[in-house]
Structures are given as structure tokens and as C-alpha cells.
Amino acid sequence: MKHKISQSKEMRKLIPTTFRITYLDIREAVSGTDQDFTSGSLGRAIFLLSIPMVLEMMMESVFAVTDIWFVSKLGAEAVATVGITESLITVIYAIAVGLSMGTSALVSRRIGEKQTVDASVAAFQGILVGTAISVIVAIPGIFFAKNLLMLMGISAKIAHDFSSYTAIMLGGNIVIMLLFIINAIFRSAGDAALSMRVLLMANVVNIILDPILIFGWGPIPAMGIAGAAIATSIGRGLAVLYQFFLLFSGKGRVNFMVKKLRVDLKVMAKLVRISLGGIGQTIIATSSWIAMVRIISVFGSNIIAGYTIAIRIVIFSLLPSWGLSNAASTLVGQNLGAERPDRAEKSVWITGKVNLILMGIIGLAFICMPAFFIRFFMDDSLVIEAGAKCLQIISYGFLAYGFGMVMVQSFNGAGDTRTPTWINFICFWLVEIPLAYFLAIPLGLNENGVFYAIVIAETLLTLFAFLLFRQGKWKENKV
């Protein structure tokens, strides 16, 4: 360790001052760091955590893009099956994200308290709960995949021909669940670079295996759509095995030692209680987007296509913001554990301002030339017009999105998942959905009414989160 520090100091002397932070800090952020995030420069801590978290978020989105890219060669019916299956897996994602929030809150708090053994015990409970839920979901997923597809509106013939994809994805959902939970363990402990490396490995394997298993290669037969599911499951599965190797290797901040691992029902109950709020947040947010699509569908396929493209651009542009927000969540949890609530609060304000500036710049680009970005995906003039208007209007709320995301994730990092759940419920279900319908149809603003409703709801969410955060009750939350 001393050798590494001295080596780093020598390198700083060799690099011009203007390039030191850029080169050395990026290298440390990507390769991993031993920094204690409860002391030292907050700006540097945010940078070291957010860089690998941003890259991790971007790589997570590559899975869906890769599968769709190769499966599209099999025809529209195969693509539809993948889309419907993804909507079914949304429930698994919601549970996985919720459990990740609960696990992160407990692990980051114990790391801040310098209780590394207790952090490992909390992490182990998260893995046990996730595994149990995965098994419960896998059984009906394997045996009733065809029925589930038909229930979602797929014809009996298509369900018969392509249900293998759904059965494999639902049956092997444990790799999705554990990938989310264990990466959350790494992030909350401050080992964000490990999470990034795990997803990089999973994506490389998936990209290599997808064309081989879907179309066949040499002695390997073409498996069609089932090959896509197998490739994705193998990629994620190998990543999970690598995660366990890292946990048992003793090199990270959270280490699994067989003699000290145990089932702790008290910790497990606390984790489930915190996670329920996280699951609720995800389900509320996801269902509100589905409701938006249902309202927009009234105005025709061109409007739906434009909206879909615009939202995909928005989601991708929000990935850096998510990375910064996760960094704030980790810093809040660790610093509350270290009994430094003022430092925890300061980290949120700094991260919030950085996110505000970042999203403001991105939003300005979308406002000034929205059609430029839509044309990357579609040449149809009607779709471009609808997508450009959607992207432009929604971008007016980017300042609110960036700042609000940090506020919400800070509550989660403190273990207070209930407050964001209520904020989401009020802003998305009680405000956004009814307002979108009223503005679009009775008031006659058509699809633009839906876009305005999204901006209003997200801005209201940021305002509520800001006011509640200022009250400071989250500092008193015990986990």
C-alpha cells in the first residue's frame, strides 16, 4: 500500500499540474481506489465514485441494445417477443432495484461505521433474499412462459414459436437479481470500479455469444431467439461468478469469510423493510411511463414512434446523472455511518449542483436542435417532427431532473426509502397521469399536453424532495 502511494506521488511530479487531476484521478476511478470517503476532499470523492458509476449505467443499457440488434434479424415477431418479455422482466428489475437500495443503505452505513464484518453480513442477507425471490419467480416463468406471452397479447402461434426466449429469461432471472444486488454492494462499499468491471465482462461475453448462438457458427447450431436468451444469461451468469470470486477473494471492502457468514433474521427483516420502499418507487415510476404511452397512443403510430425515440434519448442522457446520484447515495450512507451528517449533507449539495450544470448543458443542446438527435433513429418526417417536439419540451425540465434525482437518491442512501415512495406516488400517480390526460384530451393540447405534464410532475418532485431534504429528518434515520 505504501509503495502504491509513493509511486502515485512520483507520477504526480512527472505530470504537468494542469493534467494531474484529469489523468491520475480518472485512472484511479477506473482502476479502483482505497480512499476513505468519510474524510478528505468531497469533490474528489464524488469524482472517484461517479466516473465508474456512470460507465456502469451505460454498460447496463448495452444488454438490451445488443439483444434487439441481433434479434431484429429474425423478424418483427421475434422483436415483439423480446419487447414483451422485457416488460414482464420489469417486475424483476423493480424487485432487484428495491433490494439493491435496501442492501446499499445497510452496507454503506456499516462501512461508514468501520464495521466491515457487519457490512458483509448485511450484504449476505441481501443475496439470500434475492436468491429466494428469484426461485419463486423462476418456477412459473419456466412452465407458463407461453401463457404469459398470450396474456400480454401475443398470438398463440408466436407464443409457441418464441416462448423459449421468455422461459429462459424468466427461469434464469437469478443472474439479473444477483448482478444488481452484488453490484450495489460494491458501489455502496466504495468499490464502484468493481461494479463497472463486472458489467464490462458481462457485455463482452454477451456481444460475442449473441451472433454465434442465434445464427450458429461451425459445429454450434443456430438456436434462433433462444440463443439470445442463452447468450445474455451466460454473460450475466459469468459476471455473477466473477462477483462471488471478488467477494471471497478478500481484496475488496466487503469480504465474505465462510466462518463469519450467517443468516441474520433481524438484519434480513430490516433489509426487506427498507427494500419495500425501493420496490414501490420503481413500480410507481415504471407504471407512470406505461400510462403516458397509453394516453399518447390515441394520437397515432407516428406520435408513439416519435415519443419512444425521444424518451430513449432522454433516458440515455440521464445515465451520467444516475451515476452522480448513486455517488451521492453512497456518500450519504457512509458519512452518516461515520457520524458525520454535515459532510453527508454537503456531499448532496455539491453533487446536486454538478448534476444541475451537467443536465442544463445537455438540456440546452436538446432544446436548440432536437430534430438533429431524432434523425439518428428515423428518417420519417412526421416521426421526426413529433419526436423533436417531445424532446424539446421535456428538456425544459432537465435542470429539475438532475437536481431532483440527487435529492431522491440521498434519501435512499440514508435508508429512508419511504419518503421517495410517497413523493413518487403523489407526483406521478396523483399529478402526472391525470394532468397528462386533462391537458392532452379535454384541454385539446394533444400529445404536447403529455409532454408538459411530464415536465410539471418532475419539477414538482424536485421541489418536494428539496423541501423535505432541507428539513434534515433523513439524518436521524437509523438502519
Say we look at region 136-185 and pick out the residues that are crowded, with 20+ Cβ neighbours inside 10 Å and touching an Asp or Glu at 6+ places or on another chain (Cβ under 8 Å); which of these is farthest from I95 (Cα to Cα)?
F162
Out of V267, V258, V263, I need the residue that is among the aliphatic types (A, V, I, L, M), buried (at least 17 other Cβ atoms within 10 Å of the Cβ) and either modelled with pLDDT of 85 or more or within 30 Å of A202 (Cα to Cα) (or both). Which one?
V267
Here is a list of conditions, (1) among the aromatic types (F, W, Y); (2) within 30 Å of S39 (Cβ to Cβ); (3) crowded, with 24+ Cβ neighbours inside 10 Å, and Y401 meets all of them except one; can you say which number that is?
(2)
Could you please give the count of residues in region 246-255 that are modelled with pLDDT of 90 or more and farther than 12 Å from D191 by Cβ?
1
Those residues of region 106-157 that are under 22 Å from V240 (Cα atoms), over 23 Å from the mean Cα position of the chain (by Cα) and aromatic (F, W, Y) come to a total of 0
Among the residues of region 98-113, what is the count of those that are of a type outside the set (S, T, Y) and either out of contact with any helix residue (DSSP H, G or I) (no Cβ under 9 Å at 6 or more places or on another chain) or farther than 16 Å from V129 by Cβ (or both)?
5
Assess whether F398 counts as being within 20 Å of E447 (Cβ to Cβ), in contact (Cβ under 8 Å) with a residue 24 or more places away in the chain and within 20 Å of the chain's Cα centre (by Cα).
yes
Being farther than 24 Å from L128 by Cβ and of a type in the set (D, E, K, R) is the filter; apply it to region 56-97 and report the residue that is surrounded by the fewest Cβ atoms within 10 Å (Cβ to Cβ).
K73
With (1) assigned to a helix (DSSP H, G or I); (2) surrounded by 20 or more Cβ atoms within 10 Å (Cβ to Cβ) as the list, and T131 as the residue in question, which single condition is left unmet?
(2)
Filtered residues of region 329-345 (kept if outside any helix (DSSP H, G or I) and either among the basic types (K, R) or under 14 Å from D416 (Cβ atoms) (or both))
R340
Any chance L194 is of a type outside the set (S, T, Y), in the same structural domain as I92 (by TED's automatic domain parsing), surrounded by fewer than 24 Cβ atoms within 10 Å (Cβ to Cβ) and outside any loop (DSSP other than H, G, I, E, B)
no
Scan V272, V267, V293 and give me the residue that is assigned to a helix (DSSP H, G or I) and more than 30 Å from C427 (Cα to Cα).
V267
Is it the case that some residue within region 221-238 is out of contact with any helix residue (DSSP H, G or I) (no Cβ under 8 Å at 6 or more places or on another chain), surrounded by fewer than 16 Cβ atoms within 10 Å (Cβ to Cβ) and farther than 20 Å from V71 by Cα?
no
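The values are calculated or read from the model by the stated rules, or taken from the named source; none is laboratory data. Please read these numbers as outputs of a predicted model, since none were measured by experiment. A quick note on method: Cβ atoms are made from the backbone with ideal geometry, for glycine too, and the neighbour counts reach across all protein chains shown.
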